Amino acid sequence: MEKRPLSFWQRSFSLTDVIVVVIVIAVILAVAMPRLTGRYEKNRRATAREDILVNIPEALKLYELDNGFLPKTPQGLSALLQKPTVAPIPENWNGPYLRKSSVDPWGRPYQYRYPGVHRPHSYDLYSSGKNPGPEMTKDDVVNWAPEPSK
């Protein structure tokens with residue numbers, strides 16, 4: 001008598017095999033998730049820092065070169081994306097000066113003040129980081145102070 005090969009369903013895993021695999025995956029996730037979560041927050045801060053120290057300042061320099069002045073506080077960073085309709089209206093606006101909207105990695109707009117409070121002869125640019133609020137905290141990413149050591 002000839003033996004027929006077993007079908008896929010007949011040679012499947014036992015319940016014990018499935019439980020062992022689920023436990024192994026759970027242990028791996030329990031070990032890896034805290035590390036991944038910390039990295040994710042560090043990457044957000046690094047992105048905000050680069051926007052505040054490099055990307056947005058470059059766009060502001062181009063705006064100033066074209067128009068002879070920086071956008072005022074009421075115009076905000078939206079002046080880098082579309083021509084302002086609030087005075088002073090730039091006659092030589094040649095934007096958009098930014099490729100993306102001026103939103104930080106936490107989904108909130110970057111804060112811009114010209115003239116600045118912390119940098120009176122320039123502008124203040126900052127993000128409130130992961131903890132939003134009007135008061136300044138150590139989580140804020142700012143253009144007027146060096147990154148705190150951790």
request  = Return the only residue of N92, N67, N55 being over 30 Å from D140 (Cβ atoms) and of a type in the set (S, T, N, Q).
outcome  = N92
task = Determine if the stretch 57-67 includes at least one residue that is assigned to a helix (DSSP H, G or I), without any contact (Cβ under 8 Å) to a residue 40 or more places away in the chain and in contact with a helix residue (DSSP H, G or I) (Cβ under 7 Å, 6 or more places away or on another chain).
result = yes
inquiry  = Of the conditions (1) surrounded by 12 or more Cβ atoms within 10 Å (Cβ to Cβ); (2) modelled with pLDDT of 90 or more, V27 satisfies every one except a single condition; which number is it?
reply    = (1)
ask   = Does T16 count as part of a helix (DSSP H, G or I) and more than 23 Å from G129 (Cα to Cα)?
value = yes
ask   = Name the pairs: first residue in the stretch 72-91 and assigned to a helix (DSSP H, G or I), second residue aliphatic (A, V, I, L, M), Cβ to Cβ under 8 Å, at least 6 apart or on different chains?
value = L77/I56; L77/L98; L80/I56; L80/A59; L80/L60; L80/L98
Unique residue being basic (K, R), touching an Asp or Glu at 6+ places or on another chain (Cβ under 8 Å) and outside any loop (DSSP other than H, G, I, E, B) when the list is R49, R35 = R49
ask   = Can you spot a residue in the stretch 37-45 that is over 19 Å from S127 (Cβ atoms) and surrounded by 15 or more Cβ atoms within 10 Å (Cβ to Cβ)?
value = no
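The values are calculated or read from the model by the stated rules, or taken from the named source; none is laboratory data. The shown structure was predicted, so the numbers you read here are calculated from the model rather than taken from an experiment. Neighbour counts are summed over all protein chains in view; Cβ atoms, including those assigned to glycine, are modelled from backbone coordinates with ideal geometry.
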